[in-house]
Amino acid sequence: MSTDLQLWQLVLEASLMVKAVMAILLASSIASWMIIFNKRQVLSRAEKAANVFEERFWSGTDLTHLHSGIASGHRLTSGMERIFDAGFAEFTRMRQQGRMSPSAMVEGCQRAMRIALTRETEELENHLNFLATVGSTSPYVGLFGTVWGIMTSFHQLANVNQATIAMVAPGISEALIATAMGLFAAIPAVIAYNRYSNQVERLEVRYDNFKEEFSSILQRQAHALSQE
């Protein structure tokens with residue numbers, strides 16, 4: 001209890017610059033944890049949705065029926081479902097136009113799916129750059145606060161005839177809190193960034209593999225239509 005009170009007193013007695021550094025680090029840490037919890041839910045839902053849709057897609061259901069179910073749902077699609085919806089909607093539109101070669105139809109579908117894949121990847125990667133920035137800069141921001149605090153402490157000894165460690169210890173202690181806060185903000189951000197970047201990369205690979213496999217299915221259907 002006394003230790004907590006002592007730390008709080010050191011923070012309150014810190015110089016204005018060190019307090020500003022601590023406030024920046026505290027705000028960065030809070031924002032990082034909010035992103036960490038939010039991104040965990042987003043990626044978990046994305047993986048579950050991909051598993052569910054792949055099971056439906058490869059169960060042998062009719063693609064037209066599957067697309068109609070998605071379109072009639074009147075909801076925003078995401079992940080693999082968005083890629084499928086974009087590709088099959090483009091395939092249906094081009095098929096209704098008629099007089100199009102199979103290669104042109106497949107190329108149009110692939111273009112629509114690439115756009116959907118890019119948008120989905122951007123949404124999954126949203127805010128990851130903030131975690132990377134916090135993880136890489138927070139220790140240096142904290143170090144700046146520490147250097148400033150120590151410099152201020154020694155500057156106060158300029159007019160003192162006899163300096164003792166007791167005179168500079170409080171100032172150095174409050175300055176070192178800035179370094180500790182920098183590490184406290186940086187370590188979770190770095191761990192989360194590495195973990196979530198890996199999850200996003202694996203999801204992107206799954207989406208891209210599905211896009212290629214679905215393109216092959218559409219290519220076979222396009223050739224079948226051209227021979228009718």
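Tell me whether the stretch 27-39 contains one or more residues that are surrounded by fewer than 17 Cβ atoms within 10 Å (Cβ to Cβ) and within 20 Å of Asp208 (Cα to Cα).
No: zero hits.
How about the stretch 109-158: which of its residues are small (Gly, Ala, Ser) and in contact with a helix residue (DSSP H, G or I) (Cβ under 6 Å, 6 or more places away or on another chain)?
Residues satisfying the conditions are Ala112, Ala116, Ala132, Gly135, Ser138, Gly142, Gly145, Gly149, Ser153.
Name the single residue that is surrounded by the most Cβ atoms within 10 Å (Cβ to Cβ) among those in the stretch 112-135 being free of Cβ contacts under 8 Å to residues at least 12 places away in the same chain and under 18 Å from Ala86 (Cα atoms).
Checked the stretch 112-135; the qualifying residue surrounded by the most Cβ atoms within 10 Å (Cβ to Cβ) is Thr118.
Taking the stretch 58-102, which residues are surrounded by fewer than 19 Cβ atoms within 10 Å (Cβ to Cβ) and in contact (Cβ under 8 Å) with a residue 60 or more places away in the chain?
If the condition is that a residue be surrounded by fewer than 19 Cβ atoms within 10 Å (Cβ to Cβ) and in contact (Cβ under 8 Å) with a residue 60 or more places away in the chain, then Leu63, Arg95, Ser101, Pro102 are the ones that fit.
With (1) at pLDDT below 90; (2) touching a helix residue (DSSP H, G or I) at 6+ places or on another chain (Cβ under 8 Å) as the list, and Ile35 as the residue in question, which single condition is left unmet?
(1)
Determine which single condition Ala50 fails, assuming it passes every other condition in (1) within 16 Å of Asn209 (Cβ to Cβ); (2) over 26 Å from the mean Cα position of the chain (by Cα).
(2)
The values are calculated or read from the model by the stated rules, or taken from the named source; none is laboratory data. Computed from a prediction, not measured in an experiment: that's the story for all the values here. Backbone-built Cβ (ideal geometry, glycine too); neighbour counts: all protein chains shown.
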